[in-house]
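See below for the structure under consideration.
The values are calculated or read from the model by the stated rules, or taken from the named source; none is laboratory data. For clarity, every value in this text was computed on a predicted model and none was experimentally measured. Methodologically, a virtual Cβ is constructed for each residue, glycine included, from the backbone with ideal geometry; neighbour enumeration extends over all protein chains shown. For the accessible areas, the whole protein counts, side chains as well, though only heavy atoms, and no ligand, DNA or RNA atoms are used. Shrake-Rupley method; radii C 1.70, N 1.55, O 1.52, S 1.80 Å.
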Amino acid sequence: MSAGLRGCATLASSALLAGLLTGCGAAEEQFDPWGTGEVITGAGGGSASGGWTGGLGDPDDPNGAGVGGGWPSAKLGPPYPIVLAHGFFGFEDFAGAGYVSYFYNLKHTLAEGGEAVYTPSVDPFNSSTYRGAQLIARIEAILAETGHEKVNIIAHSQGGLDARVVAHERPDLVASVVTVATPHLGSKIADIALQLVAHERLQDVLDDLLNAIGAPLYDQIGNETSVFASLEQFSSPGIAEFNARYTDAPGVFYASFGGRTDRAIGGSDCLALDPAPFVAQFDQGLDPVHPLLSLTETILDGGFGQSIPNDGLVRARDARWGNFWGCLPADHFDEIGQLFGQSPGEGNPWLYIDFYRAVIERLRQEGF
């Protein structure tokens, strides 16, 4: 019995890692404003891109113009640029492949519609306190490029916790935070995984192994990265501490979505006081769970006789934060177009690119 439980839990832990192994990123336009090596990527333009043209001009020029134009005299307001914040195990350039992105094919598709979209990368395996500080630096660079005052952050999974850190620490940089399947109230899967590797020495060994395997593939990985810093944050005590520390910032708009898979309809956990109309079109959609997430979905589902809606890694009830806009008929992969843009499953009308377009349109209607 004990051995069997350990085996199932090991599979659950493996599925947790495999389930979030969707993070990779296309090598696209790169912007390194100060030659620091801190690279962000962006796409889009038009009126939303703002920014400056020409040379730096005369710093003593009260109009900020100088030769060649220079920076605008005031920061630009809405519509604000979009920042897509990746989750656990997320990357911007997977082994230099140059064709696979975490939000699969989303940046350029949105850019074709005139949106200024950025996909900054942060440490794939670390706490959101650490990753959030990195994201602040990336957003400062984005705003320096575009000339805008703020950004809208649309985040998946752990990226939503990173976004909350940014909004708490620097609310002057953030107009809105929209999260998709973010474990705001923690993850039962993380609790199980941490029980498996309770011995500190084993955690160190696995961290070292992860670095040894990952470093040749992902140049973002450094010596400070730790998968257990993320898992501890997702645990019940870890998320309680996180939520007490990173409270919502006044003046920042917060909204969230959950996910439902294994052909679940939803139930009370998916009820929204202010449901997003564009989610209603998918209300009848039933999502078949991806095989890589079937074990973890079963664990989160509550067992025989219960049906707790979840996306295979995050329960819908744990994803609710701010204005809850409903549940998506999608597992943790489908929510971002993974794996590699494959269909969400037979009979499921879910279209992730249309969903993100609609989210941005809703933000524009809200004045962001």
With label points built 7 Å along Cα→Cβ from the Cα atoms of residue 112 and residue 339, find their separation and express it in nm. 2.6 nm
Using a basic spin-label model with each label point 7 Å from the Cα along Cα→Cβ, how many nm lie between residue 281 and residue 361? 0.6 nm
Charge tally for neighbours of residue 150 with beta carbon under 12 Å away, counting Lys, Arg as +1 and Asp, Glu as -1, is -1
Straight-distance crosslink candidates among lysines, where the alpha carbon sits under 23 Å from residue 75 and sequence neighbours closer than 8 are dropped: 150
Ordering 108, 86 by the accessible surface of their heavy atoms, 1.4 Å probe, largest first, yields 108, 86
Please give the contour-minus-distance gain from residue 323 to residue 144: 0.36 nm per residue of separation, less the Cα-Cα distance, rounded to one decimal in nm. 61.5 nm
The farthest towards the positive end of the charge dipole of the range 291-368, of the residues 356, 293, 330, given +1 on Cβ of Lys and Arg and -1 on Cβ of Asp and Glu, is 356
